[in-house]
Amino acid sequence: MNYAEIKWTDIADGEGVRISLFVSGCTHHCKNCFNEIAWDFSYGKPFDGEIAEKILQGLGQSFIAGLTLLGGEPMEPVNQAALLPFVKEVRRRYPEKDIWCYTGYTFNPETGLLNEPRANGPHTKELLSLFDVLVDGPFVEELKKITLKFRGSSNQRVLDVKKSIALKKTVLYLD
């Protein structure tokens, strides 16, 4: 997996000050996507052990609230395979930090999977279970609304993943 960018002190992509990892590769190709350059799976730099450790060390700072994964598309199957061991290590080292993920896929709480079969693979259910908040749904230009908190268009949802999985129904984190 490659990554397009890392924001070491991001305040736009989740609550509090966060480290945001923008992965490369996305097949959604949403009209007027804010990060079109990250559609290419080979764009950016390799996400290797060195950069993973640098992020893990950065998360140790007391003012960092958590990690946000976005892109590109973190839930592309190839990206899931690379992210799962990393996210598990984030959880192990920093159980008090929250993990947000942005995906253009939609989440189905009844199954704990994504509504798009192509996006569900051997890592999907476990990876989703490690997230605290999932912002789901593709960006839709016609539904763009700049006053929405933590999302770009009104079709997107900000979900409490753990409650949604436990209750097998959609539980919004934010309206």
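Out of all DSSP beta bridges in segment 76-173, what portion is antiparallel? Express it as a percent rounded to 5.
Here the antiparallel bridges make up roughly 75 percent for segment 76-173.
Where the accessible area of the chain is counted over protein heavy atoms with a 1.4 Å probe, how much of it, in %, is carbon and sulfur?
55 percent
Suppose the chain between Leu172 and Ser153 were pulled fully straight at 0.36 nm per residue; how much longer would it get relative to their current alpha carbon spacing?
Here the segment from Leu172 to Ser153 would lengthen by 5.3 nm.
When we measure straight from the Cα of Lys169, which lysines land under 27 angstrom away, once same-chain ones fewer than 8 places off are left out?
Lys88, Lys97, Lys125, Lys144, Lys145, Lys149
Rounded to the nearest 500, what is the chain's calculated 222 nm mean residue ellipticity when only DSSP H runs of at least 4 contribute -39500 (n - 2.57) each, over all residues?
Only helices count here, giving -7000 deg cm²/dmol.
For a paramagnetic label modelled at 7 Å from the Cα of Val78 toward its Cβ, which residues of segment 1-43 fall within the zone defined by backbone nitrogen distances under 14 Å?
Residues 1-4, 23-28, 38-43 qualify, since their backbone N sits under 14 Å from the label point.
I'm spelling it out carefully: the read-out is log10 I(q)/I(0) by the Debye sum over Cα atoms at q = 0.15 Å⁻¹, the candidates are (1) -0.96; (2) -1.24; (3) -0.80, and one was derived from this structure. Which label?
The value matching this structure is (3).
Would you mind pulling out the separation of the Cα centroids of segment 47-100 and segment 4-18, in Å?
First find each Cα centre; the distance between them is then 12 Å.
At 1.4 Å probe radius, can you tell me the per residue accessible area of segment 67-123 in Å²?
Averaged over the residues of segment 67-123, the accessible area is 38 Å².
Using per-residue counts of other Cβ atoms within 10 Å, averaged over each peptide, order 2-10, 71-79, 161-169 from highest down.
Final packing ranking: 71-79, 2-10, 161-169.
Using each residue's phi in segment 95-102, evaluate 6.51 cos²θ - 1.76 cosθ + 1.60 at θ = phi - 60° and report the 3J(HN,Hα) Karplus result to the nearest Hz, with x for Gly and Pro.
Listing the rounded values in order: x, 7, 8, 9, 10, 10, 9, 9 Hz.
Which residue, Asn120, Asn108, Asn32, has the most motion in a Gaussian network model of the chain that connects Cα atoms within less than 10 Å?
Most flexible of the set in this elastic network: Asn32.
Considering only protein heavy atoms, what is the solvent-accessible area of Thr111 at a probe of 1.4 Å, reported in Å² to the nearest 10?
Around 60 Å² of this residue is reachable by solvent.
The values are calculated or read from the model by the stated rules, or taken from the named source; none is laboratory data. Predicted model, so just to flag it, every value in this text is computed and none were measured. When we count neighbours, we look across all protein chains shown, and the Cβ atoms used for this are built from the backbone with ideal geometry, even at glycine. All accessible areas refer to the heavy atoms of the entire protein, side chains included, with ligands and DNA or RNA removed. Shrake-Rupley method; radii C 1.70, N 1.55, O 1.52, S 1.80 Å.
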